[in-house]
Amino acid sequence: MIKMNPHFAMLTSSYLFSRIAEKVNEHLKQNPDADIIKLGIGDVTRSLPEVSVKAMKRAADELGTEKAFRGYGPEQGYDFLRKAIAEHDYRGLDIEPDEIFISDGAKCDTGNFLDILAHDISVAVPDPVYPVYVDTNVMAGRATGYHHGRYEGLRYLEGTPDNDFIPTPPSDRVDLIYLCFPNNPTGAVATRDQLQVWVDYALGAGALILFDAAYERFISDRNIPRSIFEIKGAKECAVEFRSFSKTAGFTGTRCAFTVVPKVIRAADDHGKRHSLHALWNRRQSTKFNGVSYPVQRAAEAIYSPEGKREVDERISYYMRNARLIRDAVQRHGYNCWGGRNSPYVWIETGTDSWSFFDRLLYEASVVITPGVGFGRMGEGFIRISAFNSHENVEHALRRIEKAL
Ligand SMILES: Cc1ncc(COP(=O)(O)O)c(C=O)c1O
């Protein structure tokens, strides 16, 4: 019999979403007429921008002609999209188009990036955390055990109300650090000074920061940095992941990108220095064949004036939901984070996460996400997502306010 990768045996099952589904199904069995509203999901609900749909159709038409047909594209992405991103997203930040790698998702890229790093590096992840960072490291064999909701072998950077869910660097050295701002699940955003502390730490420790900026487009406060590359020294120690998923409704269409500065070096066993950019390029050209041409044209279209307008309208739509959620829970005396510059609202429940989940499910037929599913430090919190229609959010909030 074929032998499995033993590291997969170490993974705990994806308990969070299966337990949510079980509880919802049970509730529906007992109350077949319950009109459940889901405020737990991280998927968007608004359509693709019209400019993207048009661009995709035009591109598909091109592919249907002998003259304009294109086969395999560049594994790193088409120049037209890499240039648009450099010009619009990184203007003034000294990022070259060829430092941008187009991909089919920030989720895949954050996981795949581990391919080019040594097995025996020390890894620090936030807690609470987007679970992909943890599970991909477990799959890569960096966990030696699992106790009380944490893997031995990984370092956890604790987010608490005291640090506003923005962990500070550890006192000792780690090699790889995951940061995510605006944060999923807490909605926290880091200031320039807070990010500078991390960059200085990474430069001092010779560490690499993997900076997940999948929710960057939700930042409206001009003082909050949108990119790690706005921080002095970050080009020498950070890789940035971004995505069109939440920005422009590409969760199903799939398009994202990763910025790997050319100056970053990684050492081999003999201390010889190698370009991280060259390693990632080698990895991508071997294991990836690029994002489809129509999808890259659709992504390019959001940088047009009309595209920007459509994206802005969608972001404002979701942020109105976030504001309503924040206002409602604060009116009832709950502490909350996020919901500003971020589509997630993180709420301190005063009870354990699952009891609060049960209360909202049974008394309001509303589904939220228990914070403990994002790590031990998430216990006592819940996440509510702004990705929904205004009608659903208003309706759900009326029910929640009655239940509280
Ligand atoms: C922090 C974070 N990064 C990345 C992703 C996934 O992005 P993509 O759809 O580009 O794979 C998500 C999706 O929920 C996310 O929350």
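The values are calculated or read from the model by the stated rules, or taken from the named source; none is laboratory data. As the structure is a computational prediction, the values presented were derived from the model and not from experiment. Glycine also receives a Cβ, built like all others from the backbone with ideal geometry; neighbour counts cover every protein chain displayed.
Within region 290-300, the set of residues being over 21 Å from Ser227 (Cα atoms) and assigned to a helix (DSSP H, G or I) comprises Tyr293, Pro294, Val295, Gln296, Arg297, Ala298. Evaluation of Gly145 against the conditions (1) more than 16 Å from the ligand (Cβ to nearest atom); (2) of a type outside the set (D, E, K, R); (3) modelled with pLDDT of 95 or more shows that the sole unmet condition is (3). Among what's in region 93-114 and is aliphatic (A, V, I, L, M) and in a loop (DSSP other than H, G, I, E, B), pick the residue that is farthest from the ligand (Cβ to nearest atom). The qualifying residue farthest from the ligand (Cβ to nearest atom) is Leu93. Residues in region 257-287 that are in a helix (DSSP H, G or I), of a type in the set (S, T, N, Q) and under 19 Å from Ile85 (Cβ atoms): Asn281, Gln284. At least 1 residues being among the polar types (S, T, N, Q) is the threshold, and among the strands (runs of 3 or more DSSP E) wholly inside region 313-404 those reaching it are 381-385.
For Ala60, state whether it is touching a His at 6+ places or on another chain (Cβ under 8 Å) and either away from the ligand (no atom under 16 Å from the Cβ) or in the same structural domain as Tyr146 (by TED's automatic domain parsing) (or both). The answer is no for Ala60. Within region 209-257, being within 10 Å of the ligand (Cβ to nearest atom) and among the basic types (Lys, Arg) holds for Arg242, Lys246, Arg254.
Tell me whether region 372-380 contains one or more residues that are over 21 Å from the mean Cα position of the chain (by Cα), within 20 Å of Phe165 (Cβ to Cβ) and of a type in the set (Phe, Trp, Tyr). Within region 372-380, not a single residue is over 21 Å from the mean Cα position of the chain (by Cα), within 20 Å of Phe165 (Cβ to Cβ) and of a type in the set (Phe, Trp, Tyr).
Among the residues here, Phe80 does not qualify as free of Cβ contacts under 8 Å to residues at least 60 places away in the same chain and either in the same structural domain as Glu216 (by TED's automatic domain parsing) or more than 16 Å from the ligand (Cβ to nearest atom) (or both). Of the residues making up region 258-268, at least one is within 15 Å of the ligand (Cβ to nearest atom), touching a residue at least 12 places away in the same chain (Cβ under 8 Å) and within 30 Å of Ser52 (Cα to Cα). Would you confirm whether or not region 228-242 contains a residue that is in contact with an Asp or Glu (Cβ under 6 Å, 6 or more places away or on another chain) and either among the aliphatic types (A, V, I, L, M) or assigned to a loop (DSSP other than H, G, I, E, B) (or both)? Yes - at least one qualifying residue is present in region 228-242. With the requirement that a residue be of a type outside the set (A, V, I, L, M) and without any contact (Cβ under 8 Å) to a residue 24 or more places away in the chain, what does region 67-77 give you? Of everything in region 67-77, those that are of a type outside the set (A, V, I, L, M) and without any contact (Cβ under 8 Å) to a residue 24 or more places away in the chain turn out to be Lys67, Phe69, Gly71.
Modelled with pLDDT of 95 or more and part of a loop (DSSP other than H, G, I, E, B), is that true of Gly73? Here the answer is yes, as Gly73 does meet what is asked.
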